[in-house]
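Okay, so here's the structure we're looking at.
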Amino acid sequence: MRYFFVLFFTLTISAQAQLPFDKEVEQIQQRNDSLWDKTKETIVFTGSSSIRFWEDIQDRFPEHQVLNTGFGGSQFSDLELYLNELILNYKPVKVFIYEGDNDIFAKKRPRKILKRAEHILNTLQQRSQHMEIVLISAKPSISRWKYRGRYRRLNRKLHRLASQKEGIEFVDVWYPMLDKRKVKQDIFIEDGLHMNDKGYDIWYDVIKNYID
């Protein structure tokens with residue numbers, strides 16, 4: 001019996017020590033802690049690589065203090081593990097969240113993704129009642145275009161979730177990135193997934209209306 005207890009304890013500690021984004025989140029914290037002025041109101045952008053690669057996000061919104069805590073390859077379930085480190089510790093007045101892209105690619109069902117997203121929203125609102133939250137829709141991309149039906153279903157569910165909760169908004173970047181019924185081809189880098197400056201220009205034009 002003692003052997004199984006020790007084994008269980010060892011495996012638990014090992015699992016806790018091997019969270020896949022620990023090192024990256026630590027680096028994000030170190031970078032932002034050196035930039036963050038706690039005397040100023042803060043806006044946080046977080047989520048997967050489409051946020052992480054938005055390197056000029058502070059320059060796009062110079063009238064605000066903006067922190068980028070995006071971590072590449074993440075899903076809603078990963079963000080949930082680091083709500084303090086990536087969002088709450090900076091006491092933001094508003095947070096923009098981009099997750100769901102990798103969840104769909106990992107073949108999670110939209111309903112399951114939505115439950116995780118709702119749990120995150122509830123936690124954030126309980127911990128910081130005056131913080132506004134903006135959910136950014138999943139984006140279309142060349143490399144994941146075959147999953148477009150699933151992405152659209154997820155976006156509808158996220159939109160509905162946001163509409164049912166006070167203090168939460170939903171911003172749609174899906175349709176602005178389309179050319180009629182197909183995704184625009186010139187807004188991505190070579191991998192067909194991550195955006196170039198033209199792609200981020202589209203995001204800026206949409207998201208700027210949700211900043212203030």
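Tell me, what is the percent relative contact order of the chain, built from C-alpha pairs under 8 Å that lie six or more residues apart? Show your work: numbers first, answer last.
Working: 290 pairs, mean separation 34.3, N = 212.
Relative CO of the chain lands at 16 percent.
Which percent, nearest 5, of DSSP beta bridges in the chain are antiparallel? Don't skip to the answer; put the middle values down first.
Values: 3 of 20 bridges.
About 15 percent, rounded to the nearest 5.
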**Complete:** For segment 22-107, listing GluC sites (Glu not before Pro) in a DSSP loop whose Cβ sees at most 13 other Cβ atoms within 10 Å gives E41, E55, E63
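Taking trypsin sites (Lys or Arg not before Pro) as exposed when DSSP calls them loop (any state but H, G, I, E, B) and at most 10 other Cβ atoms lie within 10 Å, what is the longest stretch of the chain free of them, the sites themselves excluded? Intermediate results must be reported in sequence, preceding the final value.
Values: sites that count: K38, K40, K107, K180, R181.
Longest stretch, sites excluded: 108-179.
Share of antiparallel DSSP beta bridges in segment 85-191, in percent to the nearest 5?
Working: 2 of 10 bridges.
Approximately 20 percent, going by the DSSP bridge assignments.
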**Prompt:** At E166 and N196, where each label point lies 7 Å from the Cα along Cα→Cβ, what is the point-to-point distance in nanometres?
**Reply:** 4.6
**Message:** Need the list of lysines near K107 for cross-linking: C-alpha distance under 19 angstrom, and skip anything on the same chain fewer than eight residues off.
**Reply:** K115, K139, K146, K157
**Prompt:** Does anyone have the angle between helix 148-163 and the longest principal axis of the chain? Alpha-carbon axes, 0 to 90°, nearest 10?
**Reply:** 80
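Where in segment 125-212 are there GluC sites (Glu not before Pro) that are in a DSSP coil and have at most 10 other Cβ atoms within 10 angstrom of their Cβ? Write down the numbers at each step before the final one.
Details: sites: E132, E166, E169, E190; in loops: E166, E190.
Passing sites in segment 125-212 are E166, E190.
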**Complete:** Taking the chain and counting helices only, DSSP H stretches of n ≥ 4 at -39,500 (n - 2.57) each over all residues, the nearest-500 ellipticity at 222 nm comes to -13500 deg cm²/dmol
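We did not get these values from a lab; they are worked out from the coordinates using the rules stated. All values derive from a computational prediction rather than experimental measurement. Cβ sites come from the backbone with ideal geometry, for glycine too, and all protein chains shown count toward neighbours.
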